[in-house]
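Encoded as structure tokens, the structure appears first; notes follow it.
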Amino acid sequence: MKVAVDAMGGDKAPHETVKGAVLAAKQFSDSQIVLVGDENTIQRELSTHEKTPENITIHHASQVVNMDEPATFAIRQKIDSSVTKSVELVAQGKANAVVSAGHTGATVAASTMYLKTLKGVRRPGIAIPLPTQHGVCLVIDVGANIACKPIHLFQYGLMASIYSKYILGIENPKVGILNIGEEDAKGNDLVKETFALLSCSHLNFIGSVEGREIFDNKADVVVCEGFVGNILLKFAEGLAMNILATIKAEAMKSFWTKLGLGLCKSALLPLKNKMDFAEYGGAPLLGVNGVCIICHGRSDSKAINNAIRLALQLSNNEVNEHIISEIEKTDALTANVT
């Protein structure tokens, strides 16, 4: 197994990216890690480690996509960027997966352009695990496609179900559609038409899910369009950070509250870990003909290490092959759906 890592992508790149790759190379010694980016810069980072693992190599890329650049401009004008070259290695069969904490739009655009979609898949979607009381809820899509059609949302539910089964270990994932109410009649045309498709499928569809119910384990998978999903994701992330910051600030106001916080530390630590995106590594871009893991822009070495682990899991469990098989089974249901 070979994983191409965009060494220059992310707020903490290349230091944390290279560090995470070194950790992964040691942990997964039977796999190959290819660091893609400026060779001299990567070599300098590797030199700070006592010993570079033998299963790490470098693939030179002279350009870097900046976070404020439009995705289409980035992949058309910066053809030698680290993210484009990382994706190209997968497209050329020189790597099995790509991991990037860089420009999300550029990663999605490059993956769609060079890898194409799996047979039968209309649009790829980003699936992100959100922590719940008793595990996680996989939300898809959170930003890959902001102009969705019912067939896209239907396929998101199917692909995320397969991911939940083979990666998260949920045998028959409960699938819901994000809506403004539980009643079947609620929602816009996109939600209503998708609801009808999911109701006729073999998926374990449970109906509409309100935003507050995502964290109650009502569903294992929640589908939505990328525009809504991206807002949901960033709101949840901001809320989690605010809650933790508020607890800390309030606890620092007196000796007794500080003491109370100390006594509660063992209970709060698991909560903090649940809210830490680094624990999950990254989000898979499901539906492309290859394995693509999109990491948070602020990813540290722990997140990169876990993202590489996730990429290996996706490949080893043949998730894409299962998606193709399931898509073929639904051809009759979706034949006349646009």
For this session: Kindly identify the stretch 61-127 as rounded, prolate or oblate by the Cα gyration tensor criterion: order the square roots of the eigenvalues as a ≥ b ≥ c, call it rounded if a/c is under 1.5, otherwise compare a/b with b/c, prolate if a/b is larger, else oblate.
Result: oblate
Exercise. Anyone know which of 42, 247, 327 comes out most mobile in the 10 Å Cα GNM of the chain?
Worked result: 247
Exercise. Which whole-Hz ³J(HN,Hα) couplings does the stretch 297-313 yield from phi under the Karplus relation 6.51 cos²θ - 1.76 cosθ + 1.60, θ = phi - 60°, glycine and proline marked x?
Worked result: x, 9, 4, 9, 4, 4, 5, 5, 4, 5, 5, 5, 4, 5, 4, 5, 4
Seminar exercise, completed: The answer for the net charge of residues other than residue 35 whose Cβ lies under 13 angstrom from its Cβ, with Lys and Arg +1 and Asp and Glu -1, is -1
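When only Cα pairs under 8 Å and 6 or more residues apart are kept, what is the percent relative contact order across the chain? The partial results should precede the final answer.
Working: 693 pairs, mean separation 75.7, N = 338.
Contact order relative to length: 22 percent.
Could you sort the peptides 89-102, 3-16, 185-198, 106-119 by per-residue average Cβ neighbour count (10 Å cutoff), highest mean leading?
Values: 89-102: 23.4, 3-16: 25.7, 185-198: 16.9, 106-119: 21.6.
Highest to lowest by the protection proxy: 3-16, 89-102, 106-119, 185-198.
Could you work out the relative contact order of the stretch 11-61, using alpha carbon pairs under 8 angstrom and six or more residues apart, expressed as a whole percent?
Numbers: 55 pairs, mean separation 22.5, N = 51.
So the answer I get is 44 percent.
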Exercise. How much length is gained on full extension from residue 258 to residue 50, taking 0.36 nm per residue of separation minus their Cα-Cα distance?
Worked result: 70.9 nm
Problem set entry | Interchain or long-range residues, amide H under 5 Å from residue 132's placed H | 137
For this session: May I ask you to evaluate 6.51 cos²θ - 1.76 cosθ + 1.60, the Karplus curve with θ = phi - 60°, for each residue of the stretch 13-30 and list the ³J(HN,Hα) values in order in whole Hz, giving x for glycine and proline?
Result: 7, x, 4, 6, 5, 5, 4, x, 5, 5, 4, 5, 4, 6, 6, 10, 5, 8
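In square nanometres, what is one fourth of the surface area of the convex hull spanned by the alpha carbons of the stretch 123-279?
On the way: hull surface 39.9 nm².
Taking a quarter of the hull surface, the average projection is 10.0 nm².
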Problem set entry | Simple Cβ-charge dipole of the chain, Lys/Arg +1 and Asp/Glu -1, about Cα centre, in debye nearest 20 | 560 debye
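Take 280, 156 and order them by how many other Cβ atoms sit within 10 Å, fewest up front.
Working: 280 19, 156 36.
If I rank by nearby Cβ atoms, fewest first, I get 280, 156.
What whole-number value in cubic angstrom gives the convex hull volume per residue for the C-alpha atoms of the chain? Let's see the in-between values first.
Numbers: hull volume 49.8 nm³, N = 338.
Here the figure is 147 Å³ per residue.
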For this session: Would you list, by chain and number, the aspartates and glutamates whose Cα falls below 16 Å from the Cα of residue 258, excluding same-chain residues fewer than 8 positions away?
Result: 250
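Just so you know, all these numbers are worked out from the coordinates, no wet-lab data involved. Treat the numbers as computed from the prediction; the structure is a model and nothing was measured. Cβ coordinates were reconstructed from backbone atoms using ideal geometry, including for glycine residues, and neighbour counts include every protein chain displayed.
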